[in-house]
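First up is the structure itself, then whatever we jot down about it.
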Amino acid sequence: MERIGLVGLGRMGTAIGERLLAAGLPLVVWNRTPGRAEALVTAGATLAPSLPELAATCTVVLTILTDDAAIQAVYNPVDGLLAADVSGRLFVEMSTVRTNTIQRLGQTLAARGAALVDAPLSGSLVPARQGQLLALVGGTAQDVARVQPILGTFCRRVAHLGPTGSGTTMKLVLNLPMAIYWQGLAEALALGSQFGLELAPMLELIVDSQAAIGALRPKIPAMLGEPGEVAFDVTGVRKDLLAMIETGQSLGVPMPAASAALINCMAATAAGKGQADFAELIPYYIAAVRAATKR
Ligand SMILES: NC(=O)c1ccc[n+]([C@@H]2O[C@H](COP(=O)([O-])OP(=O)(O)OC[C@H]3O[C@@H](n4cnc5c(N)ncnc54)[C@H](OP(=O)(O)O)[C@@H]3O)[C@@H](O)[C@H]2O)c1
């Protein structure tokens, strides 16, 4: 049986760890902030004393981290995962980051006799807890087959798209129209608000029309200012947009719509909304327009 390591016990990592333990899989965990490992350790996971020790004792290592810089930190060769002898290990990187970051990591691991599958995830905390995520996967057929039963404990579907980097590219493809949708929605609702229409009935009508996307309805309470769990914050959308724009431009694709969405994320972050649920981008934009046009 594979011995599984899980690094990055944030919102998604903790939900994934719970699924792995519930499936009866042996699990070794590590997190930069050790206190965040407590829930999984209480549920039966073993806490690794360091990243090299986790890499030395686990055959398959899953990582789910904030961004490209976090990947560099966790896979560093001094006191990170690559300080261990990793030959024969299979790493599964599930963060949403730039395609280049994943391709470079794949080359570094291959030079050390290890393999990489990129498997960024579509779906948020509730689907993660219910085992209903969609994994977008890149790697060799053999490596993907090896991790399929592990991913299957928290994913409803594992879609293999091609070599390493393919899953990450598909994740950017998938998140780009969503990020632009939220910006379009903010502009539309600001237009209605400036005229004098109320936010709640406007949202109710959009949800009841072809202008709705599947992700809209669950986000309406946050848009109306009701308190709730933050599944993905404004900083996260900003990070995703930067990854999309940089990856798109590296392939010769102009990204004007993504750049426009990024400007609103930057402004909202600068206004102190970085840790807020990304749905708050909409009321933030409406309020900013109102303040800017006040006489
Ligand atoms: N939340 C969602 O709905 C969702 C859905 C699909 C995909 N994703 C993607 O999944 C990834 C994780 O998201 P999340 O919501 O779970 O984020 P999160 O709750 O903020 O957790 C981020 C994790 O990364 C770790 N980390 C950050 N910088 C690090 C560094 N320099 N060195 C070591 N560890 C570092 C954090 O450690 P600390 O605890 O020490 O800060 C934490 O474990 C992101 O790429 C996100 O885009 C998220």
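The values are calculated or read from the model by the stated rules, or taken from the named source; none is laboratory data. Keep in mind that this is a model prediction, so the values were computed, not measured. Cβ sites come from the backbone with ideal geometry, for glycine too, and all protein chains shown count toward neighbours.
Numerical summary
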| item | result |
| --- | --- |
| Tally, over the range 152-197, of residues that are farther than 25 Å from A141 by Cα, away from the ligand (no atom under 15 Å from the Cβ) and not acidic (D, E) | 17 |
| Close pairs from the range 54-74: first within 15 Å of I102 (Cβ to Cβ) and among the polar types (S, T, N, Q), partner within 14 Å of the ligand (Cβ to nearest atom) and modelled with pLDDT under 95, Cβ under 8 Å, at least 6 apart | none |
| Residue ID - nearest to the ligand (Cβ to nearest atom), chosen from residues in the range 110-125 that are modelled with pLDDT of 95 or more and either of a type in the set (V, I, T) or under 15 Å from S95 (Cβ atoms) (or both) | L121 |
| Pick from the range 126-151, criterion within 16 Å of the ligand (Cβ to nearest atom) and among the β-branched types (V, I, T), ranking: surrounded by the most Cβ atoms within 10 Å (Cβ to Cβ) | V137 |
| Residue match in the range 199-214 (condition: buried (at least 21 other Cβ atoms within 10 Å of the Cβ) and part of a loop (DSSP other than H, G, I, E, B)) | no |
| Candidates G236, G228, filtered to the one that is under 22 Å from T99 (Cβ atoms) and touching a residue at least 40 places away in the same chain (Cβ under 8 Å) | G236 |
| Conditions (1) away from the ligand (no atom under 13 Å from the Cβ); (2) under 23 Å from the mean Cα position of the chain (by Cα): number failed by T63 | (1) |
| Pairs, first farther than 13 Å from M12 by Cα in the range 109-127, second within 11 Å of the ligand (Cβ to nearest atom) and assigned to a helix (DSSP H, G or I), C-beta under 8 Å, six or more apart | D118/T168 |
| Enumeration of residues in the range 13-53 that are in a strand (DSSP E or B), surrounded by fewer than 22 Cβ atoms within 10 Å (Cβ to Cβ) and in contact (Cβ under 8 Å) with a residue 24 or more places away in the chain | V28 |
| Residues (surrounded by 17 or more Cβ atoms within 10 Å (Cβ to Cβ) and in a loop (DSSP other than H, G, I, E, B)) located in the range 215-231 | L216, V230, A231 |
